[in-house]
Amino acid sequence: MASRAEFEAEIERLRVREKAHTRESDAIAAARRRLPMVEVDGGTPIVGAQGATTLLDAFEGRRQLLAYYFMWYPGRPAAEQCEGCTWNNTEVTNLPYLHSRDISYAVFCLKKKRESRRYHDFMGWRMPWYSAQDSLDVLLVGRRIGMMHLVAYVRDGDRVFETYWTTVRGVEVADCSLALMDLTVFGRQEPWEDSPPGRPQGWPVDGSNSRLGGRPIPQWPRIEAGFSDDLTATP
């Protein structure tokens, strides 16, 4: 407990660090924009809602593309699919801001189309969804296939270039809920956080931190609204 004056004084001291963090984040983004880029075959095949297509087509005519590579567990029910990828992509609900900057966003699922497409529909997502399973050796060359990745591309006419990629906690940039949690007095409530003694930290980082009742958290509103999570049903 503190007086308002004491509280505001502590906030001002913390604000100095926050502003330094913001400036460093801006500097890192500037360095990211100056990275070299590597050409990728724009004709690399992927499968979309209308069938066979290409990496170049996933740009939808825009200059840039952000592709989220979604982990997939074939043959498993919806409740057992990747909770982290589900969390992140549930947050990506509105694309017009990206589109206004000539950026397309799409999910490249790591497995075949049929089951994963039904998952996309069950979740009520509206972003473009592709199966990239047959081209992962090209699209994720040198990286661990099976992990989530967020990859940035740019095109020059029909030529496509990869400009940046990240994985694991790097894909948190797609999410705002964790950033908002970080503003609260309890934070993410996960054991790794440096929090004062006695604060709740009951969300271990083992997958259960993104689940409730045995399934990814964002699935519950869809179930409660009556949407079927049967991934084997005929469309």
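Numerical summary
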read-out	value
Tally, over segment 105-129, of residues that are in contact with a Cys (Cβ under 7 Å, 6 or more places away or on another chain) and not polar (S, T, N, Q)	1
Selected residue (only one of 150, 180, 139 is under 17 Å from residue 56 (Cβ atoms) and aliphatic (A, V, I, L, M))	139
Tally, over segment 125-180, of residues that are touching a helix residue (DSSP H, G or I) at 6+ places or on another chain (Cβ under 7 Å) and acidic (Asp, Glu)	3
Wholly enclosed strands (runs of 3 or more DSSP E) of segment 32-151 bearing at least 2 residues surrounded by 14 or more Cβ atoms within 10 Å (Cβ to Cβ) and of a type outside the set (D, E, K, R)	45-48, 51-54, 64-70, 103-109, 129-131
Filter pass, residue 190 being surrounded by 12 or more Cβ atoms within 10 Å (Cβ to Cβ) and in contact with a Phe, Trp or Tyr (Cβ under 6 Å, 6 or more places away or on another chain)	yes
Any hit, segment 212-226, residues being over 21 Å from the mean Cα position of the chain (by Cα) and surrounded by 12 or more Cβ atoms within 10 Å (Cβ to Cβ)	yes
Qualifying residue in segment 32-46 (condition: out of contact with any helix residue (DSSP H, G or I) (no Cβ under 6 Å at 6 or more places or on another chain), closer than 19 Å to residue 153 by Cβ, at pLDDT 95 or above and polar (S, T, N, Q))	no
Segment 160-176, residues that are buried (at least 17 other Cβ atoms within 10 Å of the Cβ) and part of a helix (DSSP H, G or I)	171, 172, 174
For residue 156: the one exception among (1) open to solvent by 30 Å² or more (accessible area, probe 1.4 Å); (2) within 16 Å of the chain's Cα centre (by Cα); (3) modelled with pLDDT of 95 or more	(2)
Residues (more than 13 Å from the chain's Cα centre (by Cα) and closer than 16 Å to residue 110 by Cβ) located in segment 79-96	80, 81
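The values are calculated or read from the model by the stated rules, or taken from the named source; none is laboratory data. Keep in mind it's a predicted model, so treat the numbers as computed, not measured. Cβ atoms come from the backbone with ideal geometry, glycine included; neighbour counts cover every protein chain shown. Keep in mind that these areas ignore ligands, DNA and RNA; they rest on the heavy atoms of the full protein, side chains included. Shrake-Rupley method; radii C 1.70, N 1.55, O 1.52, S 1.80 Å.
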